[in-house]
Structure formats: structure tokens, C-alpha cells
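The values are calculated or read from the model by the stated rules, or taken from the named source; none is laboratory data. All values derive from a computational prediction rather than experimental measurement. So basically every Cβ, Gly included, is an ideal-geometry build from the backbone, and we count neighbours across all protein chains shown. The protein model used for the area step is the full one, side chains on, heavy atoms only, and it has no ligands, DNA or RNA in it. Shrake-Rupley method; radii C 1.70, N 1.55, O 1.52, S 1.80 Å.
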Amino acid sequence: MENRLLAQINEVLSGKGETLLQRLSPEMKLRDDVGFDSFDLAELTVRLEEIYDVDIFENGIVNTVGEVMTLLEKNE
Amino acid sequence: MNNYFFIAAKNNTRLTYDVLFQAVSSAGSFVSNYKTDQADLFFVNLLKGLVRDKDIVLLDADFTDQEIFQMTGENYAEKVENIDSISDLNEQSFLELLQNSKSKISIYTSGTTGLPKQVVHSVSSLIKQVKIDSKFNGNSWAFAYNPTHIAGLQVFFQALFNFNTIVNVFNGDKRFVLEEIQNHSVTNISATPTFYRLLYPSEFQLDSVKRVTVGGEKSTPDLYEKMQTVFPNAVIRNVYASTEAGSVLSAKGNVFQIDEKKAAVVKIENDILYIHQSVLGNSDSFSFENNWYNTGDIVLWDDEQKGTFTFVSRANEMINVGGYKINPNEVEEAIRSYPEVRQVRVYGIPNSVLGNVLTADIELHADSVLSETDVKLKLKEKLQSFKIPRKINFVATINYSRTGKISRS
């Protein structure tokens with residue numbers, strides 16, 4: 001799970017020409033630690049929706065990597 | 001006046017109105033095509049020009065050299081001119097100079113075919129909606145729009161003419177925006193639905209906010225309920241505005257009304273909204289049908305007798321991504337310029353964060369190789385970042401509609 005999420009986050013970063021992440025931890029914040037803006041978050045939701053068929057922002061804002069993983073695990 | 005004109009925490013800027021008057025009135029230089037991502041510098045330069053009747057072209061800070069060349073026909077170079085000082089500039093003379101300014105302000109807006117088109121506004125047309133009243137004294141505005149776009153200019157002038165404080169939150173993240181609103185007791189906010197969606201859920205309520213305006217995209221009723229929990233004391237209004245005309249109609253909730261006053265300038269025919277020539281800026285690209293401009297925005301009557309209606313979709317082909325209107329033709333043209341690309345289709349996929357995410361299907365020539373990242377990084381040289389598709393699919397064939405147009409649905 002962690003690796004598949006990491007791959008999608010890195011896909012977003014690579015499209016912007018930014019340095020890829022080596023690993024994820026649950027407490028990492030998508031905005032502050034990963035450096036995502038709203039366009040990046042939107043792109044991530046589209047990528048995750050294609051794989052897991054779940055919209056991580058459907059019920060409001062998700063802040064951390066751990067929150068995303070919890071939502072994805074429910075739908076795996 | 002020692003109250004603040006502009007606060008930008010991101011670059012540690014705090015300007016009082018006294019400092020603003022000083023900066024605007026002193027001799028020095030003015031740039032008629034200034035390009036900067038610092039809103040305070042942008043506004044000071046703009047005002048220097050307007051009080052001296054200089055024409056000005058507003059360019060987004062992130063326009064690429066290629067975009068500017070295609071729009072203006074020349075390579076970008078700052079056009080600097082010397083300006084003389086203005087003596088004894090005070091509150092009253094400052095406002096008078098602005099109100100009587102003969103400057104022409106050129107704005108670029110996403111066109112319906114190809115590149116952004118130029119629309120020229122006079123200062124008087126931009127400030128016609130501004131209300132000056134002592135009841136607005138002491139208000140402060142969260143500034144959430146791009147300053148080079150019409151919505152940003154209208155917020156700017158509304159605040160300026162009442163000597164209100166402008167707190168810059170444009171492009172800020174959730175925590176920054178909430179903290180700035182709280183720290184500076186912001187009373188007014190005008191922004192897109194996307195902006196408000198990102199504030200929800202909020203860790204705290206923002207009691208100081210009295211008036212909240214939503215515009216620029218189609219909004220949904222559930223958004224108002226969510227906004228009310230973040231801004232419990234605020235009146236929430238919805239506005240319909242366009243780059244061509246500025247703000248035209250306002251509504252409580254989703255239902256707009258063409259009342260007797262508006263009937264002279266707004267009408268609906270065959271479910272399409274028209275705006276009268278008399279309230280538009282000037283552009284070579286406008287075409288009129290008996291003095292009426294076809295906005296391309298499709299509406300649905302709520303009650304035709306009362307003149308009430310809701311929006312079905314805004315401006316036919318344009319894709320609204322977080323309040324930015326993107327013309328798919330422009331993006332397709334840029335992608336099609338690469339030799340590896342045989343055909344391309346650009347469209348939006350519905351998304352809970354931005355409304356839409358810009359997506360491209362690309363059909364490559366046989367034996368050509370191109371990755372998603374390659375395309376995005378190449379496009380950075382050609383297009384503003386919001387126009388770059390976030391999801392790129394390589395497909396075997398692109399679908400065409402029966403009329404031979406690329407199918408975007």
C-alpha cells in the first residue's frame with residue numbers, strides 16, 4: 001500500500017520536475033511536508049481514483065499520508 | 001493615513017496608505033507592461049500609471065515568453081518610462097485622479113479559439129460597481145484572486161476606494177489563509193468555490209468575516225452550508241462576472257434574477273445569456289448580435305415570469321479548473337506542436353478538489369516515444385502551469401464526433 005501510494009505521489013512530483021520522495025510515513029502532511037498545492041492534490045485524487053475507485057476528498061479535506069492510506073485500505 | 005493598505009505575510013510586506021501615496025506621487029519610473037508575482041509592487045505600479053493617465057497592459061506573472069510573443073506579436077521586454085512627481089497627493093485628490101483617469105487597462109482573457117484575447121477596459125468601467133460608504137470604514141479584505149484578472153481588480157478597487165486594508169492570501173494554503181483571516185480580523189472575502197472548498201473543514205470559526213462572495217465557477221448548494229459553518233456571521237452572495245463585463249449579476253444561493261434594472265443590460269434567448277454592449281469593455285474579438293454579446297453561458301429558467309434562472313454550464317468549451325478558465329484548443333495546439341504527436345484531445349475530468357482536472361489523450365506517431373513527464377516538462381516552456389494537463393493518457397486512437405470535431409465528452 002505504502003509503495004503504491006508513494007509511486008503515485010512521485011508521479012505527481014515528477015510531472016513538475018521536482019525531486020522524488022524515497023519513502024512515506026503516516027504523519028507526513030500532503031501540503032506542508034510533501035509540498036502539494038491544490039492542483040497537485042487534485043491530480044493525486046484522479047490517479048488514486050483510477051486504481052482504488054475512491055475519491056479521497058469526497059468527504060472534506062484529507063491532510064496526512066496516514067489518512068489517505070486509511071481511506072484506501074478500506075476500499076482495497 | 002496610517003492604516004494599512006496592503007499586508008502580504010509571505011514576503012513580509014506591510015504598506016500603509018501614507019506610504020502608498022508617497023510611492024505613487026513621487027517621481028521615478030513606471031512600467032506599462034509590468035510582470036511580477038509580488039502583488040504589492042504590481043498595485044503600486046498600476047496606481048502610478050492610472051493617476052497619470054498612462055495606458056497599461058496587465059500580464060500574469062507566469063505567462064511564458066512564448067505565450068507573450070504569440071499574444072502581443074513581440075518578445076517581452078519591460079517598457080519603462082520616467083514619471084514626474086505629483087504634489088500634495090492626499091486621500092481626496094488621489095480618488096479624484098483615479099475616478100477621472102483616462103488610462104486604458106488591457107487584460108488578457110482565455111479566448112474561445114486559440115490564444116487569450118485582449119480586452120480593454122477604462123478605469124470608469126472597472127470602478128462602476130465600486131460602492132463608497134462610511135459604513136465600509138475599517139473593513140479589511142482577504143485578497144484571493146490573481147491581481148491581473150478582472151475579479152482581482154474589482155476587489156482591489158472596492159477596498160482601495162474605501163481605504164480598506166487588503167490582506168493577500170492568493171495562492172496560500174489552507175492554514176495560511178485561515179490564520180491571515182483571523183490575525184487581521186478580515187471582514188470581506190471574494191473568491192472562487194474552489195478557494196472556499198479548500199478551507200473546509202476549518203479547525204476554527206472565522207467570526208470577523210461579515211460578507212463572503214462566491215464567483216467565477218458554477219457553485220453548488222452544499223457549498224453554502226459548508227461555508228456558513230466556517231463563516232457563521234457572514235452573508236454569503238453569489239456573483240456572475242466575466243472578463244468582458246466585470247460583475248453583472250449577484251444572487252443569494254444559486255438562483256439569479258434579471259430584475260427591471262438589469263433587463264436593459266442582460267437577457268436570455270434560447271437558454272443562452274447575453275450581455276449588452278453598453279456594459280462591456282472593448283475588444284476586436286467581440287462580435288455582437290444587434291448590440292448583444294453572446295456569453296456562451298447556458299442557463300435554465302427557474303421562473304421566467306420573475307426572471308429567475310440558474311446556470312447549467314459556463315461558456316461552452318472552456319474548462320474550469322479551480323476558477324481558471326482553460327481553452328482546450330490552446331492546450332491542444334501546444335501539444336500538437338511536438339513532432340511525436342499525431343493527435344491530441346484535451347478535456348476535464350470532474351474532481352472534488354478543483355471542479356475539473358485537465359486531462360489529455362495523446363495519440364503518438366508510430367515508432368515515437370514520449371512519456372507523461374516528458375510532455376509536462378516540455379509544456380512548462382510554452383504554457384502557464386494551470387494550463388498543463390495533470391493526467392496524460394497515451395491512446396491508440398482519438399475519437400472524433402460525427403461532425404469531424406474532436407469529441408471532448
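Things worth noting here:
- Residues within region A:1-35 that are at the interface with chain B (Cβ under 9 Å from one of its Cβ atoms), part of a loop (DSSP other than H, G, I, E, B) and surrounded by 16 or more Cβ atoms within 10 Å (Cβ to Cβ), tallied: 2
- Residue that is surrounded by the fewest Cβ atoms within 10 Å (Cβ to Cβ) [pool: residues in region B:288-316 that are assigned to a loop (DSSP other than H, G, I, E, B) and in contact with a strand residue (DSSP E or B) (Cβ under 8 Å, 6 or more places away or on another chain)]: B:291
- Out of B:77, B:39, one residue alone is open to solvent by 20 Å² or more (accessible area, probe 1.4 Å) and of a type outside the set (Phe, Trp, Tyr). It is B:77.
- Residues of region A:36-56 satisfying the condition of being closer than 15 Å to residue B:349 by Cα, touching a residue at least 12 places away in the same chain (Cβ under 8 Å) and part of a loop (DSSP other than H, G, I, E, B): A:53, A:54
- Some residue of region B:302-321 being more than 30 Å from residue B:380 (Cα to Cα) and in contact with a Ser or Thr (Cβ under 7 Å, 6 or more places away or on another chain): yes
- Of the residues making up region B:372-381, none is among the aliphatic types (A, V, I, L, M), facing chain A (nearest Cβ under 9 Å) and within 25 Å of residue B:198 (Cβ to Cβ).
- Residue B:297 fulfils the conditions (1) touching a residue at least 12 places away in the same chain (Cβ under 8 Å); (2) among the acidic types (Asp, Glu); (3) more than 24 Å from residue B:214 (Cβ to Cβ) except for a single criterion, (3).
- Tally of residues being of a type in the set (A, V, I, L, M, F, W, C), under 10 Å from the mean Cα position of the chain (by Cα) and surrounded by fewer than 18 Cβ atoms within 10 Å (Cβ to Cβ) across region A:39-68: 0
- Hey, residue B:237 within 25 Å of residue B:148 (Cβ to Cβ) and either without any contact (Cβ under 8 Å) to a residue 60 or more places away in the chain or open to solvent by less than 20 Å² (accessible area, probe 1.4 Å) (or both) or not: yes
- Set B:346, B:353: member being part of a loop (DSSP other than H, G, I, E, B) and modelled with pLDDT of 85 or more: B:353
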